[in-house]
Amino acid sequence: MKKKVAFFPCNGIGQITSTTTRETAWQIQKMRPGKILLISSPELITDDKKTLEDAKKHPLIAIDGCMKKCATEILSAKGIKAALIINLPRVCVDKKLSLAGAVRSKVGPGHRRVAKAIAEIAAKEIDKLL
C-alpha cells in the first residue's frame, strides 16, 4: 500500500472558514495527487471504524478553522495525535490575508488565497512525512 497522509479539515458549521478549509482540501489533493486521504468529521465523531483506523494509521494534518479549535478537540477526544495542526486565523495573520467580504455559500477569491497559503504549508509537511 502506498503511504498517504490523512488530512482533517474542520467543518466549521455556520462559519465562513469552513468554506476555506474545504477549498484547502481540494487544493492539496490537486497539489499532491494520490497522497492525501481525507478524514470526515462526522465519520470520525461517530466512530466510523475505517475512518478511525485511517486517522490513526496515517500521519495526519489537521486544519483548525477558528479559535475554537474543533479539529484539534475532536482528535484529542479520539486519542489521535496530529503530525501538524494548521490554524487558519494564524495563517491569515502571518500572511496578512483576509476573508473580509467572503460568504460561506460560495468559494471566492479570499477563500482561494487563504486556502492556497494553507495548502502550501501542508504540502511542505506532506513532503517531509512521505
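The values are calculated or read from the model by the stated rules, or taken from the named source; none is laboratory data. Just so you know, these numbers come straight off a predicted model, no measurement behind them. Every residue, glycine as well, gets a Cβ built from its backbone with ideal geometry; the counts of neighbours run over all protein chains shown.
Summary of computed values
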quantity	calculated
Long-range neighbours under 7 Å by Cβ, at least six apart or interchain, first residue more than 13 Å from residue 63 (Cβ to Cβ) within region 35-48, second charged (D, E, K, R) and in a loop (DSSP other than H, G, I, E, B)	35/4; 37/4; 44/78
Candidate set: region 59-99, residues that are in contact with a Gly (Cβ under 7 Å, 6 or more places away or on another chain) and outside any helix (DSSP H, G or I); chosen: the one nearest to residue 38 (Cα to Cα)	65
Qualifying residues in region 23-36 (those that are farther than 12 Å from residue 120 by Cα and surrounded by 18 or more Cβ atoms within 10 Å (Cβ to Cβ)) - the one modelled with the lowest pLDDT	23
Residue count, region 24-58 (criterion: in a loop (DSSP other than H, G, I, E, B) and among the basic types (Lys, Arg))	2
Condition met for residue 112 (farther than 28 Å from residue 2 by Cα, basic (Lys, Arg), touching a helix residue (DSSP H, G or I) at 6+ places or on another chain (Cβ under 7 Å) and in contact (Cβ under 8 Å) with a residue 24 or more places away in the chain)	yes
Count - residues of region 58-84 that are touching a residue at least 24 places away in the same chain (Cβ under 8 Å) and either within 16 Å of the chain's Cα centre (by Cα) or farther than 25 Å from residue 14 by Cβ (or both)	17
Region 77-130, subset within 14 Å of residue 19 (Cβ to Cβ) and of a type in the set (Val, Ile, Thr), residue surrounded by the most Cβ atoms within 10 Å (Cβ to Cβ)	118
Test: residue in region 31-43 that is over 21 Å from residue 14 (Cα atoms), of a type in the set (A, V, I, L, M, F, W, C) and touching a Lys or Arg at 6+ places or on another chain (Cβ under 9 Å)	yes
